[in-house]
1. Considering only the stretch 200-244, how many residues are of a type in the set (Asp, Glu) and in contact with a strand residue (DSSP E or B) (Cβ under 7 Å, 6 or more places away or on another chain)?
2. Whether any residue in the stretch 118-126 is surrounded by 12 or more Cβ atoms within 10 Å (Cβ to Cβ) and farther than 30 Å from Asp323 by Cβ is what I want to check.
3. Out of the residues in the stretch 145-156 that are closer than 13 Å to Met169 by Cα and not aromatic (Phe, Trp, Tyr), which is surrounded by the most Cβ atoms within 10 Å (Cβ to Cβ)?
4. Tell me, yes or no, whether the stretch 289-298 has at least one residue that is free of Cβ contacts under 8 Å to residues at least 24 places away in the same chain and hydroxyl-bearing (Ser, Thr, Tyr).
5. State yes or no: is Arg49 assigned by TED's automatic domain parsing to the domain that holds Val31, surrounded by 14 or more Cβ atoms within 10 Å (Cβ to Cβ) and of a type outside the set (A, V, I, L, M)?
6. Pairs only if they're at least six apart or on different chains, beta carbon under 8 angstrom, first in the stretch 353-381 and over 23 Å from Ser111 (Cβ atoms), second among the small types (Gly, Ala, Ser) and outside any loop (DSSP other than H, G, I, E, B); list them, first residue then second.
7. Determine whether the stretch 290-303 contains at least one residue that is of a type in the set (A, V, I, L, M), touching a Phe, Trp or Tyr at 6+ places or on another chain (Cβ under 7 Å) and within 24 Å of Arg20 (Cα to Cα).
8. Buried (at least 20 other Cβ atoms within 10 Å of the Cβ) and either assigned by TED's automatic domain parsing to the domain that holds Ala334 or of a type in the set (Ser, Thr, Tyr) (or both): does that describe Glu287?
Amino acid sequence: MLDIKLIRTDPDAVKAAIARRGESTSAIDEVIGLDTRMRAIGTERDDIRAEVKQISKQVGALHKEGRADEASELQATSRELGDKEKALSDEADELHVQIRSLLLRVSNMPSPDAPDGLTEDDNVELRVEGFDPASYAPHQRVPHWDIGDELGILDVDRAVRMSGSMFAMYRGAGARLLRALINYGLDRNRDAFEEVRPPTVVKTETMIGTGHLPKFADDAYHLERDDLWAIPTAEVPLTSMVAGEILDEGDLPLRLMAHTSCYRREAGSAGKDTRGLLRVHEFDKVELYAFCTPDQAEAMHTEILERAEGAIRDLGLAHRVLDLACGDISGAGARTYDIEVYAPGAERWLEVSSVSWCTDYQARRANIRFRPAEGKGTEFVHSLNGSGLAVPRVWAAIVETGRQADGSIRLPEALHPYLGGMTEIPAAG
């Protein structure tokens, strides 16, 4: 959530930043109008409170002087003022609710360093590693959904019968590969990140804390009977682990990681390619997360990116890193780097990690502060997140890239310790 003080003092800068996303700034104008009214009401209410306090002193003095009639008249005036004060307080409270409701739907301001542009076509390619389109043999240009069906390691048809479209089921060596990727993603970050296994269904306020509600409700699974939400990413519960708390600066940065199943309705996927694992409603992911001071944030952003990219590099997958344009950054993010792997069978780049610096946007929503080691008061922390390893598309890229001429799949050496001695998925018999 944006800082209302910044909106008051520099509304033009806030609107200019939001406009870089291609989003309307009308909500900011509405917030300014409501906030102006709320502050005027607050001033009037405070004046009335002061007047009531003064009258109370006068009433006491009149009673001491035996002037009960005059005291009674002043008490009647005080009651009238009290009623007016309550009405003003109620109006101020309602305006506060309206302002918060508006701000919950306004995206974060993009970083000044984020590239201009409104679509993914405006993203800036920072680097490409291991990609040579001419190097892929014909046997690698088979899509993973066909390979999975041939080897019996990916069963989309039965998953669809059980759960509907855009669900998948891994079988045999395919399920083992999935589990190996999860353990690989956790182990390589265990040196610095505390492992957490949070709940995968959460309260509405938990989803609000990260910015997934109310703006992106259509993309989430809602359990209406219990008013709980299936998490779209472990970022959601990890953010709320310390909601409402004040952290000590000495404990920052606080690094967390979690493997969870994640659920997204992909409501906006109509007309997009949904074959195989390209877009699925349920998927496993290892999430990296950090709380830090504003001064620590840039270095932490780089660290999470390096860890996520290192995981892909060590799997031997061709990949690229993109600096996302303002219009392609998620609502909570101020600066985001995407990592994409190349899948030769699907013939496309697949996003496998978004590493986002959310400044104090989520911390304001979830009320997470820190106490500086030197100085008074508290400040809002900065939050950062990134997919340490998102399984489905990495799985797909491994299966397509590692396919051999005989139909077997050579598995990355980095995964061998997690595969119980298995180094390849044999060809169909």
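1. 1
2. No, every residue in the stretch 118-126 fails to be surrounded by 12 or more Cβ atoms within 10 Å (Cβ to Cβ) and farther than 30 Å from Asp323 by Cβ.
3. Applying the first criterion (closer than 13 Å to Met169 by Cα) to the stretch 145-156 yields 145, 148-149, 152-156.
Then drop every residue that is not not aromatic (Phe, Trp, Tyr), which leaves 148-149, 152-156.
Details: Gly148: 23, Asp149: 16, Gly152: 13, Ile153: 22, Leu154: 29, Asp155: 18, Val156: 19.
The residue in question is Leu154.
4. No: the stretch 289-298 contains no residue that is free of Cβ contacts under 8 Å to residues at least 24 places away in the same chain and hydroxyl-bearing (Ser, Thr, Tyr).
5. Details: assigned by TED's automatic domain parsing to the domain that holds Val31: yes; surrounded by 14 or more Cβ atoms within 10 Å (Cβ to Cβ): yes; of a type outside the set (A, V, I, L, M): yes.
Here the answer is yes, as Arg49 does meet what is asked.
6. Within 8 Å, the pairs are Ala373/Gly250.
7. Taking the stretch 290-303 as the starting set, the residues that turn out to be of a type in the set (A, V, I, L, M) are 290, 297, 299-300.
The next check asks that each one be touching a Phe, Trp or Tyr at 6+ places or on another chain (Cβ under 7 Å); those that pass are 297.
The next check asks that each one be within 24 Å of Arg20 (Cα to Cα); those that pass are 297.
Yes, there is a match, as at least one residue in the stretch 290-303 is of a type in the set (A, V, I, L, M), touching a Phe, Trp or Tyr at 6+ places or on another chain (Cβ under 7 Å) and within 24 Å of Arg20 (Cα to Cα).
8. Values: buried (at least 20 other Cβ atoms within 10 Å of the Cβ): yes; either assigned by TED's automatic domain parsing to the domain that holds Ala334 or of a type in the set (Ser, Thr, Tyr) (or both): yes.
Considered against the rule, which asks whether it is buried (at least 20 other Cβ atoms within 10 Å of the Cβ) and either assigned by TED's automatic domain parsing to the domain that holds Ala334 or of a type in the set (Ser, Thr, Tyr) (or both), Glu287 comes out as yes.
The values are calculated or read from the model by the stated rules, or taken from the named source; none is laboratory data. Predicted model only: the values in this text are computed from it and were never measured. Glycine also receives a Cβ, built like all others from the backbone with ideal geometry; neighbour counts cover every protein chain displayed.
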